[in-house]
Amino acid sequence: MTKTAGKLVVLGSINADHILNLPTFPTPGETLTGSQYQVAFGGKGANQAVAAGRSGADIAFIACVGDDDTGERVCQQLVNDRTDIAPVSTISGESTGVALIFVNAEGENVIGIHAGANAALSPALVEAQQPLIASAGALLMQLESPVESVLRAAQIAHQNNTTVILNPAPAQALPDELLALVDIITPNETEAEKLTGIRVSNDEDAARAAQALHAKGIDTVIITLGSRGVWASVQGQGACVPGFKVTAIDTIAAGDTFNGALVTALLEEKPLQEAIRFAHAAAAIAVTRKGAQPSVPWRSETDDFLRQQG
């Protein structure tokens, strides 16, 4: 199979995000009046695809939408964001996925998801995209799609020397069979703890969690630490790479923006530290804006931000 230099395939979810800002998160039985209600396109897969597309990647997206107006509008927006949607399947009788999101005054969020058509991204649909995955330079995935499909895609990629990047979100336990196929993993502290049993509260914890993931066969571990940056470890050699200090108003899709920008920079053969810095910049811009995909910066914005930082 001939490789396409720099080609990225993203496999993942598509959602319509319903977002409501609240002063605090409600306690059980409590009703709060919110503000700034909006509906925006999201889903971790689509967010990362958009982040990569706007960062300049040559990208194709394997996903599913419902046979509804939302699915049609999402696909059109993905085209506008420089994403090849030929591998997106429309599932008859299903609705496009939905996420219900509360955002508090600190910009933190809690999210509930209805998978809808995302649940129909089956191993058979993945199998149908085998030539696409085999010809790509990298495959980026998350965990809002069925795990058996993520595993099948990783197997195809691994067999064809396509770099496998896994953002293991939302947090869940994963089989060692899948982890052994991953080249780069990008958990946050919660996800790292779920995968390793090690609570990540500081750099020393992050280093131990990274070693546990290396032991499962993963070459590069990048644990995102929120405003502190990331712990990046390659074959056991790790260090903290700090992020940029900005005033966050909404952290929705910050991690997705980081992942899409990171993989784009790596496919451009940037050194890991430089790729992380580029991804930090994109994520820093995203948290100063509201919404998921509306917050994702274009390449020119990220480059301008980096120039301003010196």
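Using the charge dipole of the chain (Lys, Arg: +1 at Cβ; Asp, Glu: -1 at Cβ; taken about the Cα centre), state which of 113, 141, 215 has its Cα farthest towards the positive end. Farthest along the dipole direction, towards plus: 215. A straight chain from residue 108 to residue 20 at 0.36 nm per residue would run longer than the Cα-Cα distance by 30.5 nm. Springs join every pair of Cα atoms under 10 Å in this Gaussian network model of the chain, and among 53, 12, 197 the largest mean-square fluctuation is at 197.
At an R0 of 45 angstrom, the distance between the Cβ atoms of residue 274 and residue 33 translates into a FRET efficiency of 0.50.
In Å², what does the accessible area per residue of segment 41-124 work out to with a 1.4 Å probe? Per-residue value: 38 Å².
Amide H to amide H distances under 5 Å link residue 43 with 15, where only residues 5 or more positions off or on other chains count and H is placed in the peptide plane. Residue-wise HN-Hα couplings along segment 298-304, as the Karplus relation 6.51 cos²θ - 1.76 cosθ + 1.60 with θ = phi - 60° gives them from phi, are 7, 4, 4, 5, 5, 4, 4 Hz; Gly and Pro carry x. Considering only alpha-carbon pairs that sit under 8 angstrom and 6 or more positions apart, the relative contact order computed for the chain is 18 percent. Carbon-plus-sulfur accessible fraction, the chain (probe radius 1.4 Å, protein heavy atoms only): 51%.
Karplus-based coupling profile of segment 72-86, in residue order and whole Hz: 5, 5, 4, 4, 5, 5, 4, 4, 4, 9, 6, 10, 6, 9, 3, with θ = phi - 60° in 6.51 cos²θ - 1.76 cosθ + 1.60 and x standing for Gly or Pro. With a/c under 1.5 counting as rounded, go ahead and sort segment 191-274 into rounded, prolate or oblate using the C-alpha gyration tensor (a ≥ b ≥ c being the square roots of the eigenvalues; past the cut-off, prolate if a/b is larger than b/c, else oblate). It is oblate, given that a/c is not under 1.5 and a/b is not larger than b/c. For segment 6-45, relative contact order (Cα pairs under 8 Å, six or more residues apart, normalised by length) works out to 55 percent.
The H on the amide N of residue 32, modeled in the peptide plane, is under 5 Å from the matching H of no residue at least 5 residues off or on a different chain. Helix-only arithmetic for the chain: the sum of -39500 (n - 2.57) across DSSP H runs with n ≥ 4, divided by the residue total, places the mean residue ellipticity at 222 nm at -11000 deg cm²/dmol.
Taken over the alpha carbons of segment 122-186 as equal point scatterers, the Debye sum produces base-10 log I(q)/I(0) values at 0.14, 0.28 Å⁻¹ of -0.33, -1.35.
Distance from the C-alpha centroid of segment 130-176 to that of segment 254-310: 22 Å, rounded to the whole angstrom. Can you give me the relative contact order of segment 128-258 as a percent, contacts being Cα pairs under 8 Å and 6 or more apart? Computed value for segment 128-258: 16 percent relative contact order. Each label was represented as a point 7 Å from its Cα along the Cα-to-Cβ direction; for residue 219 and residue 240 these points are 2.8 nm apart.
Taken per residue, the accessible surface of segment 176-310 reaches 43 Å², heavy atoms only and a 1.4 Å probe.
Once you order the gyration tensor axes a ≥ b ≥ c over the Cα atoms, which shape class does segment 95-218 get: rounded for a/c under 1.5, otherwise prolate or oblate by comparing a/b with b/c? Cα axes put segment 95-218 in the oblate bin.
Taken one residue at a time, the phi angles of segment 235-242 give Karplus couplings (6.51, -1.76, 1.60, θ = phi - 60°) of 6, x, 9, x, 7, 7, 10, x Hz. Gly and Pro are set to x.
The values are calculated or read from the model by the stated rules, or taken from the named source; none is laboratory data. Worth saying up front: this structure is predicted, and the values here are computed from it rather than measured. With ideal geometry, Cβ positions are generated from the backbone for all residues, glycine too; neighbour counts draw on all protein chains shown. Remember, those area values only see protein heavy atoms, side chains included, never the ligands or the DNA or RNA. Shrake-Rupley method; radii C 1.70, N 1.55, O 1.52, S 1.80 Å.
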